[in-house]
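A.B. asks: Take a look at this one; I'll ask things after.
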Amino acid sequence: MKTIFTVLILALTWGANALATMHTETVEYKHGSTVCEGYLAYDDATKVRRPGVLVVHAWTGLGDYVKSRCEQLAKRGYIAFGADIYGKGVRPQTPDLAGKEAGKYRSDRSLLRARAAAALDVLRNNPFTDTTRLAAMGYCFGGGTVLELARSGANLNGVVSFHGFLNTPNPADAKNIKCQVLVCHGGDDPYESPEEVAAFQDEMRKANVDWQFDVYGGAVHSFTDPDAGNDNSKGAAYNERADKRSWEAMKAFFAEIFK
């Protein structure tokens, strides 16, 4: 009994220490006069610089989903920063409100790029970030955002879009892309037409971008989000296989660009 008790105490102590190495914090920053509120996560067991990953939210704004992804990345040895594109306190609670808020930025790509760049600056300026190894990834609205960030000519090693929007008003801007691109796309996503998919791929080819386009059969929009439900007929639904496969694709992509 004493031995079992000792093992239990050691296990609890180890667990507490493991949790203690994860540093998370809410970070306020500004883009012009707009106050934004991002989320930072990294392992504070070591003080060495490490690759930085910017994570951009879907159309409902920065919330628990992106925060959990930041923590997953931190456990893998990255410093991760969840961007706040909308601004502090702007967290749409209905699809209608989310659509209107996302629409403000999708209709003004200059603003969208600038807001993403402001978040990237926060990550770049952190003392634990290796500024020679930076990436950006995003979900849905966020996936399209990181593609726009790449088109702006941001100094990144790579960007990853998970079921993100693909269109852009200025396809010629792809010539500014300095990094590798990975797109993880649902094969049955109704929100990105075959014409938009073809146009994006043509855009990448013409600009001679180093790009990958992974398609997951049977997956619709939001396939990485468990809260999206499981009814494909609604156009957005979780797909466990596509979620896991796309995460593995991201891991391999980061291993390549950060080597």
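The values are calculated or read from the model by the stated rules, or taken from the named source; none is laboratory data. Keep in mind it's a predicted model, so treat the numbers as computed, not measured. Virtual Cβ from ideal backbone geometry, glycine too; neighbours counted across all protein chains shown.
A.B. asks: State the number of residues belonging to segment 205-236 that are without any contact (Cβ under 8 Å) to a residue 12 or more places away in the chain, closer than 20 Å to Tyr65 by Cα and touching a Lys or Arg at 6+ places or on another chain (Cβ under 9 Å).
C.D. replies: 1
A.B. asks: Quick one: which of Ala102, Ala116 is touching a residue at least 40 places away in the same chain (Cβ under 8 Å), part of a helix (DSSP H, G or I), under 17 Å from Val27 (Cβ atoms) and touching a helix residue (DSSP H, G or I) at 6+ places or on another chain (Cβ under 6 Å)? Before you say what the answer is, go through the steps one by one.
C.D. replies: Working: Ala102 fails: under 17 Å from Val27 (Cβ atoms).
Going through Ala102, Ala116 in turn, just one is touching a residue at least 40 places away in the same chain (Cβ under 8 Å), part of a helix (DSSP H, G or I), under 17 Å from Val27 (Cβ atoms) and touching a helix residue (DSSP H, G or I) at 6+ places or on another chain (Cβ under 6 Å): Ala116.
A.B. asks: Residue check: is Leu123 part of a helix (DSSP H, G or I), over 23 Å from Phe258 (Cβ atoms), modelled with pLDDT of 95 or more and aliphatic (A, V, I, L, M)?
C.D. replies: no
A.B. asks: Applying the selection to segment 153-178, what residues are more than 24 Å from Lys244 (Cα to Cα) and either surrounded by 19 or more Cβ atoms within 10 Å (Cβ to Cβ) or β-branched (Val, Ile, Thr) (or both)?
C.D. replies: As a first pass, look at segment 153-178 and keep what is more than 24 Å from Lys244 (Cα to Cα): 153-156, 167-178.
Within segment 153-178, Ala154, Leu156, Thr168, Ala174, Ile177 qualify.
Okay, residues lined up against (1) under 23 Å from Arg109 (Cα atoms); (2) among the aromatic types (Phe, Trp, Tyr); (3) touching a Cys at 6+ places or on another chain (Cβ under 6 Å):
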{"residue": "Pro171", "(1), (2), (3)": "yes, no, no"}
{"residue": "Gln180", "(1), (2), (3)": "yes, no, no"}
{"residue": "Tyr191", "(1), (2), (3)": "yes, yes, no"}
{"residue": "Glu196", "(1), (2), (3)": "yes, no, no"}
{"residue": "Lys206", "(1), (2), (3)": "yes, no, no"}
{"residue": "Val215", "(1), (2), (3)": "no, no, no"}
{"residue": "Asn230", "(1), (2), (3)": "no, no, no"}
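A.B. asks: Anything in segment 72-99 that is surrounded by fewer than 18 Cβ atoms within 10 Å (Cβ to Cβ) and within 21 Å of Asp225 (Cα to Cα)? List them, or say none.
C.D. replies: Listed by number, the residues that qualify are Gln72, Lys75, Arg76, Val90, Arg91, Pro92, Gln93, Thr94, Pro95, Asp96, Leu97, Gly99.
A.B. asks: Pairs under 6 Å by beta carbon, first residue at pLDDT 95 or above and assigned to a loop (DSSP other than H, G, I, E, B) in segment 48-62, partner surrounded by fewer than 21 Cβ atoms within 10 Å (Cβ to Cβ) and small (Gly, Ala, Ser), six or more apart or different chains?
C.D. replies: These pairs meet every condition: Trp59/Ala98; Thr60/Ala98.
A.B. asks: Also, I was wondering about something else. Condition test on Val197, is it in contact with a Gly (Cβ under 8 Å, 6 or more places away or on another chain) and either at pLDDT 95 or above or outside any strand (DSSP E or B) (or both)?
C.D. replies: Against the criterion (in contact with a Gly (Cβ under 8 Å, 6 or more places away or on another chain) and either at pLDDT 95 or above or outside any strand (DSSP E or B) (or both)), Val197 does not qualify.
A.B. asks: Give the residue, chosen from Val35, Val90, that is in a loop (DSSP other than H, G, I, E, B), β-branched (Val, Ile, Thr), over 25 Å from Trp247 (Cα atoms) and touching a residue at least 12 places away in the same chain (Cβ under 8 Å).
C.D. replies: Details: Val35 fails: in a loop (DSSP other than H, G, I, E, B).
Within the list Val35, Val90, the selection yields Val90.
A.B. asks: Consider Gly153 against the criteria (1) touching a residue at least 40 places away in the same chain (Cβ under 8 Å); (2) in a loop (DSSP other than H, G, I, E, B): it satisfies all of them except one. Which criterion is unmet?
C.D. replies: Result: Gly153 fails condition (1) only.
A.B. asks: Further, regarding this structure: State yes or no: is Glu256 in a helix (DSSP H, G or I), charged (D, E, K, R), closer than 24 Å to Leu123 by Cβ and out of contact with any helix residue (DSSP H, G or I) (no Cβ under 7 Å at 6 or more places or on another chain)?
C.D. replies: yes
A.B. asks: Just checking, how many residues over segment 216-257 are buried (at least 16 other Cβ atoms within 10 Å of the Cβ), of a type in the set (Ser, Thr, Tyr) and within 20 Å of Pro95 (Cβ to Cβ)?
C.D. replies: So the count comes out to 3.
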